[in-house]
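Enquirer: Take a look at the following structure, please.
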Amino acid sequence: MGSTNLSTKRQRIAELARTKAGTALSTLHHVIDLEWMREAYRLTRKDGAPGIDGVTAADYAVNLETNLLDLLERIKFGRYVAPPVRRVYIPKADGSQRPLGIPTFEDKVAQRAIVMVLEAIYEQDFLSCSFGFRPGRSAHQALSALRLAFMGRKGLRWVLDVDISKYYDTIQHHHLRVFLDRRVTDGVIRRMIDKWLKAGVLEHDLLQHTTEGTPQGGVVSPVLANIYLHHVLDEWFELDVRPRLKGNNILVRYADDSVMFSRFSKMPSGSSTCWASVFSGTGSSSTPTRRALSTFASIDRTAFAIRTREAPRSTSSASPTCGSSRRKG
């Protein structure tokens, strides 16, 4: 009965989002009840490192029902205090270090509860070209879309490979809030998101507050990042760039890594300015990636840059599946 009820709630939110496409939804938090919190707890990983409070998943489970009920009430009545994330560093393949934020276990559960609502809404809006951190979508599917674009008969021989430098650390909060205003205005949901954006980072016993970036390490960060790039990159490409380009053109995005396929090596007049200015004012920039094999060119002296290379020809009859069509709910 519980799982059926949860499924029904999600379907109702999804249907509301579909029928009110482009409309801000203001009444959503009523679906978040104790049953919803139990599911959020179930979906939360139990093997992660503890946050600043030192509480493990096992510790939290000792009085699970009491803890979840208390958490639910604090969320609903605005008394929840988002704790700072504990920052650690993990090595990258190039020898540098990647910062990683570790939320408390309870904060992970709270984030999951909100993400369950956001996913039901935004899965009706997100385009089929994005694959990262979405239910039922994976990196393997993104790679399959890349392969189909290369091997198809659409004449897609040129690639623009884009990687956004320090994307999660540089998302501007005011831009993100403007995007959220278009779809989610429920007070409880938005209050929780704001608390996470303002929670800050604890590093070497020093608390740092920022006006940009999303709380890495938690499940809400990838969703917020996808919402941001859905408006900034995906819709921009489909509505602004594609009409300017000749022939068939395709975008494939996984999180902050994007690849555009084109029949021609050069964009029409004016479109390079569009590419250069897509992240103007956001604080983000792009950097060359390992996948690109030829000349790197900065465009219009901005931080945004692309690399191009010619893809191999093929006689395969496969055709790309990723393009302007929206993902159906």
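The values are calculated or read from the model by the stated rules, or taken from the named source; none is laboratory data. These numbers were taken from a predicted model, which means no experiment stands behind them. All Cβ positions, even for glycine, are placed from backbone atoms using ideal geometry, and neighbour counts span all protein chains on display. Ligands, DNA and RNA are excluded from the accessible area calculation, which covers all protein heavy atoms including side chains. Shrake-Rupley method; radii C 1.70, N 1.55, O 1.52, S 1.80 Å.
Enquirer: Taking Ala113 and the conditions (1) under 15 Å from the mean Cα position of the chain (by Cα); (2) of a type in the set (Gly, Ala, Ser); (3) under 26 Å from Leu71 (Cβ atoms), which numbered condition does it fall short on, given that it satisfies the others?
Expert: Going through the list (1) under 15 Å from the mean Cα position of the chain (by Cα); (2) of a type in the set (Gly, Ala, Ser); (3) under 26 Å from Leu71 (Cβ atoms), Ala113 breaks only (1).
Enquirer: Is one or more of the residues making up the stretch 77-92 at pLDDT 95 or above and more than 21 Å from Ser221 (Cα to Cα)?
Expert: Checking the stretch 77-92: at least one residue is at pLDDT 95 or above and more than 21 Å from Ser221 (Cα to Cα).
Enquirer: Next question, about the same structure. Considering each residue of the stretch 149-207, count those that are in contact with a Gly (Cβ under 7 Å, 6 or more places away or on another chain) and small (Gly, Ala, Ser), and give that number.
Expert: Number of matching residues: 1.
Enquirer: Which members of the stretch 57-87 meet the condition of being open to solvent by 40 Å² or more (accessible area, probe 1.4 Å) and either in a strand (DSSP E or B) or in contact with a strand residue (DSSP E or B) (Cβ under 9 Å, 6 or more places away or on another chain) (or both)?
Expert: If the condition is that a residue be open to solvent by 40 Å² or more (accessible area, probe 1.4 Å) and either in a strand (DSSP E or B) or in contact with a strand residue (DSSP E or B) (Cβ under 9 Å, 6 or more places away or on another chain) (or both), then Arg86, Arg87 are the ones that fit.
Enquirer: Just to be sure, is Asp107 under 30 Å from Phe77 (Cα atoms) and surrounded by fewer than 21 Cβ atoms within 10 Å (Cβ to Cβ)?
Expert: It is false that Asp107 is under 30 Å from Phe77 (Cα atoms) and surrounded by fewer than 21 Cβ atoms within 10 Å (Cβ to Cβ).
Enquirer: Let me ask something else. Filter the stretch 88-107 for residues that are of a type in the set (Ser, Thr, Tyr) and outside any strand (DSSP E or B) and give the result.
Expert: Ser96, Thr104 - these are the residues of the stretch 88-107 that are of a type in the set (Ser, Thr, Tyr) and outside any strand (DSSP E or B).
Enquirer: Moving on to the next point. Only one of these conditions is not met by Arg137: (1) surrounded by fewer than 19 Cβ atoms within 10 Å (Cβ to Cβ); (2) in a helix (DSSP H, G or I). Which number is it?
Expert: For Arg137, the exception is condition (2).
Enquirer: Residues that are touching a residue at least 12 places away in the same chain (Cβ under 8 Å), exposed (fewer than 15 other Cβ atoms within 10 Å of the Cβ) and more than 15 Å from the chain's Cα centre (by Cα): list the helices (runs of 4 or more DSSP H) wholly contained in the stretch 143-218 that include at least 1 such residues.
Expert: In the stretch 143-218, 173-181, 187-198 are the helices (runs of 4 or more DSSP H) which contain 1 or more residues that are touching a residue at least 12 places away in the same chain (Cβ under 8 Å), exposed (fewer than 15 other Cβ atoms within 10 Å of the Cβ) and more than 15 Å from the chain's Cα centre (by Cα).
Enquirer: What pairs can you find where one residue is in the stretch 243-255 and within 24 Å of Gln216 (Cβ to Cβ), the other is of a type in the set (Val, Ile, Thr) and not in a helix (DSSP H, G or I), and their Cβ atoms are less than 6 Å apart, with a gap of 6+ or different chains?
Expert: What qualifies is Val252/Val259.
Enquirer: Could you tell me which residue of the stretch 16-56 is farthest from Leu206 (Cα to Cα), considering only residues that are open to solvent by less than 30 Å² (accessible area, probe 1.4 Å) and in a loop (DSSP other than H, G, I, E, B)?
Expert: Of everything passing the filter in the stretch 16-56, Leu28 is farthest from Leu206 (Cα to Cα).
Enquirer: Scan Thr66, Thr56, Thr27 and give me the residue that is farther than 30 Å from Glu235 by Cα, of a type in the set (Ser, Thr, Tyr) and touching a residue at least 24 places away in the same chain (Cβ under 8 Å).
Expert: Details: Thr66 fails: touching a residue at least 24 places away in the same chain (Cβ under 8 Å); Thr27 fails: farther than 30 Å from Glu235 by Cα.
Exactly one of Thr66, Thr56, Thr27 is farther than 30 Å from Glu235 by Cα, of a type in the set (Ser, Thr, Tyr) and touching a residue at least 24 places away in the same chain (Cβ under 8 Å), namely Thr56.
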